[in-house]
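The values are calculated or read from the model by the stated rules, or taken from the named source; none is laboratory data. The model shown is predicted, which means the values in this text are computed figures rather than measured ones. Cβ coordinates were reconstructed from backbone atoms using ideal geometry, including for glycine residues, and neighbour counts include every protein chain displayed. What goes into the accessible areas is simple: the full protein's heavy atoms, side chains included, and nothing from ligands, DNA or RNA. Shrake-Rupley method; radii C 1.70, N 1.55, O 1.52, S 1.80 Å.
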Amino acid sequence: MIAAVNNAAGLVTAAAADTVQKIDAPTVDLRAVLPVLIVLGGACLGVLVEAVFQRRTRYPVQLFVTLATLVAAAVAVVWGAVDRHYAVTFAGSIAVDQASYVSWGVILVLAVLSVLLIADRVSEPGGAIVAQAAVRVGSKQEAAAARRVLPMHTEVFPLTLFAIGGMLVFPAASDLLTLFVALEVLSLPLYLMSGMARRRRLISQEAAVKYFLLGAFASAIMLYGIALLYGYAGGIGFSDIRRVAQLGTGSDVLLLAGIALLFVGLLFKASVGPFHLWTPDVYQGAPTPVTAFMAACTKAAAFAAMMRILIVALEPMTWTWRPVLWWVAIASMAIGAIMGITQTDFKRMLAYSSIAHAGFLLLGVMAVSDKGASATLFYLLTYGVATIGAFAILTIVRRASPGADPDGPGGVGPEAGSVADWAGLAKRSPLLAASMSLFLLSFAGIPLTSGFIGKLSVFSAAAAEGMGALVVVAMVATAITAFFYLRIVVLMYFSDPPSGTVTLPSGAAGGDGSGAAGESAAGVLTATRTQARTVVIAPGALTAAVITVCVILTLALGIVPSWGLDLTEITSGFLY
């Protein structure tokens, strides 16, 4: 009897085992994703540094860990690219191919320059990052911290590495869920970093809140689009969407709605008009080094991810989305060019400049070809280098009026944010004015600068795919944007420096004859002195290194561009 029961139980178990579907373990190629693992591991190590080391020793350790992590990741990228170690790994969620390696290389080069700028504590005494982010604005604790010039929060370094880790995953994602997770990983640290400015903290915190709220809405819309595309294809992989689109068996309504909502999130992150409303406020309010980091690295990651989606997943449906992106590109170029002319704040002007450049970059993305992808990545490199260099110079050109920030740390005034403050800069610092002029001319696409080669590459790729009319619109927009770039150059070289009148106690005006004696309403003898409204402070070693490297790269990629074009060339297509 017992034997019969055991036999019956065995038969039931065997039948159940036959009905259970076997789960295959996903393939994992750790070498292919080694750069991502290095960056995320360095970020976790940075968190441990914050917990283990004392405050006074954290800065050098964090800077060393961050730079060593980025250099190690760059070495891993070169190693994998030279060996052509291509793979689709993690159950098809990440595709590591030639385009991934080139994207990673561009992001890491720009990230190293951005980290050096963030780490500088000379141009802004104590650093551009606030020392005590939790202190209430206007409180006695904040005033005491400003007078003592406390060193900046070193938590910014692991936050930066986490953001870079998300940026590396973003262009290599081969399914929609991984794409969304990467977007959140790169976005959340940026929301925090935007509100950590040492000066004008209310504006900085307002910018962070705007960025967070608008980013949350954009992420939700993008996630809804992912759900619709899953309903269309029956899977979240780019290959699944491509297969169903080629067969034409899915619902066109789900496909078109899903594409539209998905691209809302992508265009928002790339600051493409008309999804740009966060860009001017966040650029203006965030710490300037963080703004440079966002403007260069985030845009590179967003457009690289956009290329993979269009080329891999949506290439069979080009006729559905390309006309829409035509109008988006035109709107972005028009908004950036026209609104940029009206700006009087330097950072907001560069924000609208980035919106116009986003429209130019869309031309290369819409080409849906290896040539267009190569041109877009080269453009991202040249634009990012010039952008970081321009923001680096902004950190050392400052207002000199004591009334602008009487309690400023170290007695150094705030950055010269007004365009008018740059008048006559060439007379005070010819080398700095020449460097800024080079970056502005590169933005404008003037020959012998890297920006010219970048625009030429993107426009050529677009024209080769039958978008000649859009190229003409882009050339007109380029001419319009050149106006506000050249306006800064004219101000620096052909205008007198702005000056202001400062009231000082008697005897403090100096013996240069520029003072005039008088008596105040309280009967106290005073003197007035006219002084320059802006000054150029000596840059720290890190900022000087960033400016120097950006100048060299901008010239080298403009005069001898072949090596840069070769490094960013994509010849083997995209894996999926």
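Looking at the range 300-406, what helices (runs of 4 or more DSSP H) fall wholly within it and have at least 2 residues that are touching a helix residue (DSSP H, G or I) at 6+ places or on another chain (Cβ under 9 Å), open to solvent by less than 20 Å² (accessible area, probe 1.4 Å) and among the aromatic types (Phe, Trp, Tyr)? Give the steps one after another, and end with the answer.
Details: elements: 318-341, 346-366, 370-394.
Per the criteria, 346-366, 370-394.
Restricting the search to the range 26-63, which residues are open to solvent by less than 50 Å² (accessible area, probe 1.4 Å), over 30 Å from residue 85 (Cβ atoms) and either touching a helix residue (DSSP H, G or I) at 6+ places or on another chain (Cβ under 7 Å) or not in a helix (DSSP H, G or I) (or both)?
Residues satisfying the conditions are 49, 50, 58, 61, 62, 63.
All but one of (1) assigned to a helix (DSSP H, G or I); (2) at pLDDT below 95; (3) within 18 Å of residue 34 (Cβ to Cβ) hold for residue 118, so report the exception by its number.
Here residue 118 meets the rest and fails (3).
Looking only at the range 159-190, count every residue that is open to solvent by less than 20 Å² (accessible area, probe 1.4 Å) and either polar (S, T, N, Q) or part of a helix (DSSP H, G or I) (or both) and tell me the total.
Keep residues of the range 159-190 that are open to solvent by less than 20 Å² (accessible area, probe 1.4 Å), which gives 160-161, 163-168, 170-176, 179, 182-183, 186-187, 189-190.
Then drop every residue that is not either polar (S, T, N, Q) or part of a helix (DSSP H, G or I) (or both), which leaves 160-161, 163-168, 170-172, 174, 176, 179, 182-183, 186-187, 189-190.
Selection size over the range 159-190: 20.
What do you reckon, is residue 558 at pLDDT below 90 and not hydroxyl-bearing (Ser, Thr, Tyr)?
Working: at pLDDT below 90: no; not hydroxyl-bearing (Ser, Thr, Tyr): yes.
No: the conditions fail for residue 558.
What number of residues in the range 209-239 are open to solvent by 20 Å² or more (accessible area, probe 1.4 Å) and of a type in the set (Ser, Thr, Tyr)? Reasoning before the result, please.
Pass one, the range 209-239, residues open to solvent by 20 Å² or more (accessible area, probe 1.4 Å): 209-210, 212-214, 216-217, 220-221, 223-224, 227-228, 230-231, 234, 236, 239.
Next, from what is left, pick out any that are of a type in the set (Ser, Thr, Tyr): 224, 230, 239.
Qualifying residue count, the range 209-239: 3.
With modelled with pLDDT under 90, aliphatic (A, V, I, L, M) and under 28 Å from residue 477 (Cα atoms) as the only criterion, which of 434, 423 stands out? Talk me through it step by step, then tell me what you get.
Numbers: 434 fails: modelled with pLDDT under 90.
One residue alone meets the criteria, 423.
Could you check the range 240-250 and list, in sequence order, the residues that are open to solvent by 10 Å² or more (accessible area, probe 1.4 Å), touching a helix residue (DSSP H, G or I) at 6+ places or on another chain (Cβ under 6 Å) and either among the charged types (D, E, K, R) or part of a helix (DSSP H, G or I) (or both)?
Step one: list which residues in the range 240-250 are open to solvent by 10 Å² or more (accessible area, probe 1.4 Å), which gives 240, 242-250.
Applying the additional criterion that residues be touching a helix residue (DSSP H, G or I) at 6+ places or on another chain (Cβ under 6 Å) yields 240, 242, 244-246, 250.
If the condition is that a residue be open to solvent by 10 Å² or more (accessible area, probe 1.4 Å), touching a helix residue (DSSP H, G or I) at 6+ places or on another chain (Cβ under 6 Å) and either among the charged types (D, E, K, R) or part of a helix (DSSP H, G or I) (or both), then 240, 242, 244, 245, 246 are the ones that fit.
I'm checking my understanding of the structure. Among residues of the range 192-208 that are open to solvent by 20 Å² or more (accessible area, probe 1.4 Å), of a type outside the set (Asp, Glu) and assigned to a helix (DSSP H, G or I), which one is nearest to residue 415 (Cα to Cα)?
Residue satisfying both the conditions and the ranking: 203.
Within the range 425-446, is there a residue that is open to solvent by less than 20 Å² (accessible area, probe 1.4 Å), part of a loop (DSSP other than H, G, I, E, B), without any contact (Cβ under 8 Å) to a residue 60 or more places away in the chain and not aliphatic (A, V, I, L, M)?
Yes, that holds for at least one residue.
Of the residues 173, 218, 197, which is touching a residue at least 40 places away in the same chain (Cβ under 8 Å), under 27 Å from residue 151 (Cβ atoms) and out of contact with any Cys (no Cβ under 7 Å at 6 or more places or on another chain)?
Values: 173 fails: under 27 Å from residue 151 (Cβ atoms); 218 fails: under 27 Å from residue 151 (Cβ atoms).
From the options 173, 218, 197, the qualifying one is 197.
Among the candidates 475, 467, which residue alone is aliphatic (A, V, I, L, M), at pLDDT 65 or above and open to solvent by less than 30 Å² (accessible area, probe 1.4 Å)?
467
Show the residue pairs meeting these rules: Cβ distance below 9 Å; 6+ apart or different chains; first residue within the range 70-90 and within 19 Å of residue 575 (Cα to Cα); second residue surrounded by 19 or more Cβ atoms within 10 Å (Cβ to Cβ) and of a type in the set (D, E, K, R).
Going by the 9 Å Cβ cut-off, the qualifying pairs are 86/97; 87/97; 88/97.
Considering each of 23, 129 in turn, give the residue that is surrounded by 17 or more Cβ atoms within 10 Å (Cβ to Cβ), of a type in the set (Val, Ile, Thr) and either in contact (Cβ under 8 Å) with a residue 60 or more places away in the chain or farther than 14 Å from residue 159 by Cα (or both). Write out each step before concluding.
Numbers: 23 fails: surrounded by 17 or more Cβ atoms within 10 Å (Cβ to Cβ).
Criteria check complete, one pass: 129.
Here's a check for you: in the range 82-106, which residue that is over 24 Å from the mean Cα position of the chain (by Cα) and of a type in the set (A, V, I, L, M, F, W, C) is most open to solvent (accessible area, probe 1.4 Å)?
82
When you go through 290, 264, 282, 253 one by one, which is the residue that is in a helix (DSSP H, G or I) and without any contact (Cβ under 8 Å) to a residue 40 or more places away in the chain? Outline the logic, then answer.
Working: 290 fails: without any contact (Cβ under 8 Å) to a residue 40 or more places away in the chain; 264 fails: without any contact (Cβ under 8 Å) to a residue 40 or more places away in the chain; 282 fails: without any contact (Cβ under 8 Å) to a residue 40 or more places away in the chain.
Step by step, each of 290, 264, 282, 253 is checked, and only 253 is in a helix (DSSP H, G or I) and without any contact (Cβ under 8 Å) to a residue 40 or more places away in the chain.
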